[in-house]
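*Asks:* Just dropping this structure here.
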Amino acid sequence: MCEAAPVSEPALAPRPSAASRATIAQLMEPGHANPSGNVDGGVIMRLVDSAGAIAAARHCRSRVVTAALDSMSFLAPAYIGDVVTVHAAVNDANRTSMEVGVRVEVEDLRTGELRHVSSAHLVFVALDEQGRPTPVPPLLAETEVERRRQEQARVRRQQRALLRSALAAKERGTTH
Ligand SMILES: CC(C)(COP(=O)(O)OP(=O)(O)OC[C@H]1O[C@@H](n2cnc3c(N)ncnc32)[C@H](O)[C@@H]1OP(=O)(O)O)[C@@H](O)C(=O)NCCC(=O)NCCS
């Protein structure tokens, strides 16, 4: 008896990391302050998500949603009057998801001093017109740095998968 061959997806051409890099710079104004008068962490997280989504969408040229944000620490405060700059680059692309690395810097406009405030890794998933995950092009890591980031992203992907299956097992244990 003949078996139907599995339907394979057409291969997408790899895209270089450099083609999708994104940078957002924003002046911090009084509306961005927390009750202490410094920049609210949520404002920076919002910029991180936006810059990451732009890089991911540039890579796959589809709509994207944030699936995960790894832990994020704030290493230094940002003040009203500073410029917050978020640099984002796709570290790796899988079947429908992409890991994006972001680096947040704060510039004191009076002195030009640059402070590294935070770094984070996010996972975005590409969606088709029906809102279902859809394949993305592989990432072409062209430089030594990009290849190292891609290898590190693959390790983090495995760690996230382990964490998700552990959480799913725990969830099953509590619901049965
Ligand atoms: C992200 C989402 C589309 C994934 O849908 P899903 O039904 O789990 O889809 P799949 O199981 O087919 O997984 C699709 C991809 O997402 C990845 N993924 C799903 N959940 C993930 C998570 N928590 N962390 C990292 N990656 C995840 C899978 O690894 C897979 O990647 P791959 O195709 O590259 O291997 C779905 O969970 C969703 O819509 N979440 C809400 C997104 C959102 O609203 N974000 C904004 C929140 S404020």
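Taken together, the values in this text are just the output of simple stated rules run on the coordinates, not laboratory data. Note that the structure is a prediction, hence the values are computed from the model and not measured. Because the Cβ atoms are built from the backbone with ideal geometry, glycine has one as well, and the counts that use them run over all protein chains shown.
*Asks:* Among the residues of region 60-70, is any surrounded by 22 or more Cβ atoms within 10 Å (Cβ to Cβ), in contact with a strand residue (DSSP E or B) (Cβ under 6 Å, 6 or more places away or on another chain) and in a helix (DSSP H, G or I)?
*Replies:* Yes, the conditions are met somewhere in region 60-70.
*Asks:* If you scan region 126-146, which residues turn out to be exposed (fewer than 12 other Cβ atoms within 10 Å of the Cβ), over 30 Å from A78 (Cβ atoms) and among the polar types (S, T, N, Q)?
*Replies:* Answer for region 126-146, where residues must be exposed (fewer than 12 other Cβ atoms within 10 Å of the Cβ), over 30 Å from A78 (Cβ atoms) and among the polar types (S, T, N, Q): just Q130.
*Asks:* Return the residue satisfying two criteria in turn: it lies in region 126-137 and is outside any loop (DSSP other than H, G, I, E, B) and within 8 Å of the ligand (Cβ to nearest atom), and of such residues it is nearest to G42 (Cα to Cα). It would help to see each step written out before you state the result.
*Replies:* Here is the first cut: in region 126-137, the residues outside any loop (DSSP other than H, G, I, E, B) are 126-127, 133.
Filter once more, keeping what is within 8 Å of the ligand (Cβ to nearest atom): 127, 133.
On the way: L127: 26, P133: 27 Å.
In this case the residue turns out to be L127.
*Asks:* Here is a further query. Going by what's in this entry, would R149 be described as more than 9 Å from the ligand (Cβ to nearest atom), in a helix (DSSP H, G or I), of a type outside the set (V, I, T) and surrounded by 12 or more Cβ atoms within 10 Å (Cβ to Cβ)?
*Replies:* yes
*Asks:* Which residue out of V102, V123, V90, V117 is crowded, with 22+ Cβ neighbours inside 10 Å, more than 16 Å from the ligand (Cβ to nearest atom), touching a residue at least 24 places away in the same chain (Cβ under 8 Å) and under 17 Å from the mean Cα position of the chain (by Cα)?
*Replies:* Answer to the selection: V117.
*Asks:* Are any residues in region 127-152 among the hydrophobic types (A, V, I, L, M, F, W, C) and in contact with a strand residue (DSSP E or B) (Cβ under 6 Å, 6 or more places away or on another chain), and if so, which ones? First the steps, then the outcome.
*Replies:* Residues of region 127-152 that are among the hydrophobic types (A, V, I, L, M, F, W, C), as a first pass: 127, 136, 139-141, 145.
Residues satisfying the conditions are L127, V136, L139, L140.
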